[in-house]
Amino acid sequence: MLLTFLLLASALSAQTSIDIRDRRELFVDRLLIDRLTGASLRLHSPFDRGTVLKLDAPWEGLFSGYFTIIKDGPTYRMYSRGRPEGGRDGTDAERTCYAESSDGVHFSKPKLAIHAFKGTTDNNIILAGMTPFSHNFAPFLDSRPGVPAAERYKALAGIGSSGLAAFVSADGIHWSKWREAPVLPPGPARYDSQNLAFYSESEKRYVCYFRTFRKVGTTNYRWISRATSDDFVHWSPGEQMEFDDAPLEHLYTNQTSPYFRAPHLSIAIAARFFPGRQVLSDSEAREIQVDPKYFKDVSDAVLFTTRGGLRYDRTFPEAFLRPGVGLANWVSRTNYPAWNIVPTGAAEMSLYVSKNYGQPTAHIQRYSLRTDGFASLHAGYSGGEMVTKPLVFQGRELELNFATSAAGGIRVEFQTPDGAPIAGFALADSPEIIGDAIERPVRWASGKDLSALTGKPVRMRLVLKDADVFAFRFR
């Protein structure tokens, strides 16, 4: 009877455990956390690394926007809308421009000789004269297994009256329309921001995130909807995303993309827009030469995540990226993040932000974070701890991405689902971990081999002092 009871208890515990397999998990939400004592989740701020590209070509200009960054092997590709003058969306005044880099830090504008501008093809334009698709052309590198070489790159583009058309490319530079008819039809969605599609490895289908509106009371909030597809041609009707108890705010672009080190988790660094929230006076606006229509609103960027489906998690309501010092950063439609976060070093990742919108000084700025470093499990000098919900993992080792002070440290314990320390992996068996590393294996007195716990429901307990843990992975 006792054996039967233990087997039944183990089976029930496995059913209620979260199977994380060998995925890397970041501390950007509370999915795996059961309780925190003296510890907290801390949002980190990116470091300003300066200008990487000036938008000063006559076919680019003040109203360049909707940027995308793609890392394809050793090459970083940047895409944007070029527009020197303001005006109605989706006209021949818009064109799609291209820049590239070998390190993600220094970008150049190649002379591609694909499209003419005022009589010369000596430019970096890759799409022109296909109204309205250069308004918000949003390419991605298709990671679906077996995708033909001619379709490695795909893109969606269009506005409400046109619907969204699909484009394909073998090299990310030379593009053609994949289907004449729109793959997402005209309708109530305006499609007037970036329409972001990618292949979701965890969901085994294409997903597209696009801007819609959601009316709450008397306010029509800029919102986000999602559609899915098995073949990139036939799409489900768009459905609005949900945020649970997150504050109601305008989200102008969502920039949702699978995180390159944990593709089951998508990170969104969204432009948060405050219409009518004016900071600059008329004289200050004239001083920085901003277009008179573009200084009576402000924006910053916020971070939220999704693990698929129609739910975003916005654990951190505060700004992820503040506008910064200088009048030029406090105008309308500036501080908009580009789509995608990319690695730019062994311990560094970068995001890119359009700055000085509507100004002669319009440019792209790079910001960096440590790898996996959007947020962390944090405890101060007095210490704290976190205990997970019951987990099931695969792998023989546990790796931490962490940083401590010289006085700080981390210890790791494994427990049964009911909270009892497991012999050999208790806190007393865990030497203090001190230092700063992106991927360091955890050891106990008996070593680092976790084979005895693989596939079994366990809790993980992290005890910290003056330390941060950014991510962990079993492997």
Subject >> Shape parameters for segment 377-467, alpha-carbon atoms, Rg then Dmax in Å >> reply: 12.6, 35
Subject >> Table column - 3J(HN,Hα) (Hz), segment 185-195, Karplus curve with 6.51, -1.76, 1.60, x for Gly and Pro >> reply: x, x, x, x, 6, 7, 6, 8, 10, 5, 10
Original post:
What's the local net charge at PHE474, with K and R +1, D and E -1, over the other residues with C-beta under 13 Å away?
Top reply: +1
Subject >> Diffusion coefficient, µm² s⁻¹, Stokes-Einstein with Kirkwood Rh over alpha-carbon pairs of segment 318-475 at 20 °C and 1.002 mPa s >> reply: 119 µm²/s
**OP:** Of the DSSP beta bridges with both residues in the chain, give the percent that are antiparallel, rounding to the nearest 5.
**Re:** 95 percent
**OP:** Can you list which of the trypsin sites (Lys or Arg not before Pro) found in segment 76-124 are DSSP loop residues with at most 16 other C-beta atoms within 10 Å?
**Re:** ARG88, LYS111, LYS118
Subject >> Angle between the chain longest axis and helix 2-16 axis [Cα atoms, degrees, rounded to 10] >> reply: 10 degrees
**OP:** Collect residues whose amide H, placed 1.01 Å from N in the peptide plane, falls under 5 Å from the amide H of TYR259; neighbours closer than 5 in sequence don't count.
**Re:** LEU265, SER266, ILE267
Original post:
Can you give the Kirkwood hydrodynamic radius of segment 69-146 from its Cα pairs, in Å with one decimal?
Top reply: 13.6 Å
Subject >> Other-chain or far-sequence residues with amide H under 5 Å of LEU164's (modelled H) >> reply: VAL183, LEU184
**OP:** Would you compute the Debye intensity of segment 162-253 from its alpha-carbon atoms alone, equal scatterers and no solvent, and pass along log10 I(q)/I(0) at q = 0.12, 0.14, 0.20, 0.25 Å⁻¹ to two decimals?
**Re:** -0.43, -0.57, -1.03, -1.37
Original post:
Relative contact order for segment 283-323 using alpha-carbon pairs under 8 Å, separation at least 6, rounded to a whole percent?
Top reply: 36 percent
Subject >> Kirkwood Rh and Cα Rg combined as Rg/Rh, segment 190-328 >> reply: 1.03
**OP:** Taking the Cβ of GLU399 as the centre, find all other residues whose Cβ is under 13 Å away and add up their charges (Lys, Arg: +1; Asp, Glu: -1).
**Re:** +4
**OP:** Could you work out the Kirkwood radius for segment 240-305, taking every pair of different alpha carbons, averaging 1/r and inverting it, reported in Å?
**Re:** 14.1 Å
Original post:
When the Kirkwood hydrodynamic radius is evaluated over all pairs of different C-alpha atoms of segment 108-182, what value in angstrom, to one decimal, is obtained?
Top reply: 13.3 Å
Original post:
Relative contact order for the chain: what is it in percent, counting Cα pairs under 8 Å that are at least 6 residues apart?
Top reply: 18 percent
Original post:
Using the Cβ atoms and a cut-off under 10 Å, what net charge is assigned to the surroundings of SER236, where Lys and Arg are +1 and Asp and Glu are -1?
Top reply: 0
**OP:** With only Lys, Arg, Asp and Glu charged, each at its Cβ (+1 for the first two, -1 for the last two), find how big the charge dipole of segment 262-417 is about the Cα centre; round to the nearest 20 debye.
**Re:** 320 debye
Subject >> Backbone HN-Hα couplings from phi across segment 75-81 [Karplus 6.51/-1.76/1.60, Hz, Gly and Pro as x] >> reply: 10, 9, 10, 10, 10, 7, 7
Original post:
When the distances between all Cα atoms of the chain are binned every 10 Å from zero, what whole-number percent does each bin get?
Top reply: 4, 19, 28, 24, 15, 8, 2, 0, 0
Original post:
Can you list the HN-Hα couplings for segment 284-294, worked out from phi with the Karplus curve (6.51, -1.76, 1.60; θ = phi - 60°), rounded to whole Hz and with x for Gly and Pro?
Top reply: 5, 5, 5, 4, 9, 6, 6, 4, x, 8, 10
Original post:
How large is the dipole of the chain about the Cα centre if only Lys and Arg carry +1 and Asp and Glu carry -1, each at its Cβ, rounded to the nearest 20 debye?
Top reply: 340 debye
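Any read-out appearing in this document is the output of simple, stated calculations on the displayed coordinates, not a laboratory observation. Keep in mind the model is a prediction, meaning the values are calculated, not measured. Every residue, glycine among them, receives a Cβ derived from its backbone with ideal geometry; neighbour counts consider all protein chains shown.
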